[in-house]
Structure formats: C-alpha cells, structure tokens
Amino acid sequence: MIATPTGGPTYYYGTGRRKSAIARVRLYPGQGALVVNGKPAEELFTRERHRKLLDKPFTVTGTHGKFSAQIKCTGGGVSGWAGAIQHGIARALISAGPTYRPALKRAGLLTRDARVKERKKYGLKRARKAPQYTKR
C-alpha cells in the first residue's frame, strides 16, 4: 500500500509484463473503472477476449467493482498490453490483500508469460524460415 505524499488516496501497485509490453497498475478503492493511458479501457480494447483478460483477476478473487485502476502501458501492442495489465492487476491485488494469492495462483495469473518473439537469424528469411531450395 502506498500513500501519496500529498495525503491523497492510497493505492496498491503492481507491474505486469507480457511480450515486450509493460503495464504499471495502480489499484484504488472505487467502483471498477479501468483507465489505460488516460483513456477508458473499453475504448482501447475493442475485442471481447482482451476485455475478459482484464476482468479475470477481479472475477477470480471476487473483487469485481471494488477497485478502480489507473494503468500506464508502454511497448508492444494491444494483445501484449492486455496480458501485461492482467498480470499487473493480479500483482496489485496481492499487495491489497495476501488472502487473494491462492486463488490468483490457482488461476495461473501470477506466472509471467515468458513467450517473446524469436529473433531473426542470418541466412534465413525469418527466425526459422529458410530460402526455398532449388535442386537444378
């Protein structure tokens, strides 16, 4: 729990990562509004699967509508942002209440998804695709 220096509202912090995206999440006690980079989450995440990713930590812990979140995302794209935000919210919920940890761990929300894009190798067209072989 972090109290702001000006005596403002207290928030819980969590950092989430996915692919090359990084999300810094601040959870405030509130009605459940998610603000990502100054915009409502519904405006940025138009796909239903991305919205479900954002809601999953709250659904698993039964805290839907109890916390509002202010999120700053950098790097990556929309899918990476959604995964990073989910990871960050899960970590922030643990700092809000350690009793949420078993449910989040059981749902697999605390594990950092380590899959990243493989680098391109020289002599190849992409990471693994080789130029077409011609016999004659």
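Over the stretch 16-114, with the other protein chains present, what is the accessible area per residue in square angstrom, probe 1.4 angstrom?
On the way: 5300 Å² over 99 residues.
Computed with neighbouring chains in place, this is 54 Å² per residue.
In percent, how large is the relative contact order of the stretch 1-130, given Cα pairs closer than 8 Å and 6 or more residues apart?
Worked out over the stretch 1-130, it gives 32 percent.
Kindly write out, for the stretch 47-64 in residue order, the coupling ³J(HN,Hα) from the Karplus curve 6.51 cos²θ - 1.76 cosθ + 1.60 (θ = phi - 60°), rounded to whole Hz, with x marking Gly and Pro.
Result, ordered by residue: 7, 5, 5, 5, 5, 5, 4, 5, 7, 4, x, 6, 5, 5, 8, x, 10, 5 Hz.
Between the DSSP loop rule and a limit of at most 15 other Cβ atoms within 10 Å, which trypsin sites (Lys or Arg not before Pro) in the stretch 30-115 are left? Intermediate values should be presented prior to the final figure.
Values: sites: Arg47, Arg49, Arg51, Lys52, Lys66, Lys72, Arg91, Lys105, Arg106, Arg112, Arg115; in loops: Arg47, Lys66, Arg112, Arg115.
In loop regions of the stretch 30-115 (DSSP not H, G, I, E or B), the sparsely surrounded trypsin sites (Lys or Arg not before Pro) are Arg47, Lys66, Arg112, Arg115.
Can you match semi-axes √(5λ) of the Cα gyration tensor in Å to one of these, [x] 29, 16, 14; [y] 31, 23, 15; [z] 36, 16, 14, based on a calculation from the structure here?
Given [x] 29, 16, 14; [y] 31, 23, 15; [z] 36, 16, 14, the calculated one carries the label [z].
Residues with amide H under 5 Å of Gly30's amide H, sequence separation 5 or more or different chain, H placed in the peptide plane at 1.01 Å from N; which?
Placed amide hydrogens put Phe67, Ser68 under 5 Å from Gly30.
Run the accessible area of the chain with a 1.4 Å probe and give the carbon-and-sulfur part as a rounded percent.
Carbon and sulfur atoms account for 52 percent of the accessible area of the chain.
What distance in nm separates the two pseudo spin-label positions at Leu124 and Ser79, each 7 Å out from Cα along the beta-carbon direction?
Simple spin-label model gives 1.9 nm for this pair.
Could you please report the charge total around Val36, scoring K, R as +1 and D, E as -1 over all other residues with beta-carbon less than 13 angstrom from its beta-carbon?
Combined, the nearby Lys, Arg, Asp and Glu give +3.
Near Lys52, which lysines are there with a Cα under 23 Å away, not counting those fewer than 8 places off in the same chain?
Lys19, Lys39, Lys66, Lys72, Lys105
The values are calculated or read from the model by the stated rules, or taken from the named source; none is laboratory data. Every value quoted in this text rests on a predicted model; they were computed, and no experiment measured them. Counting neighbours? That spans all protein chains shown, and the Cβs are built from the backbone with ideal geometry, glycine included. SASA here: full protein model, heavy atoms, side chains in, ligands and nucleic acids out. Shrake-Rupley method; radii C 1.70, N 1.55, O 1.52, S 1.80 Å.
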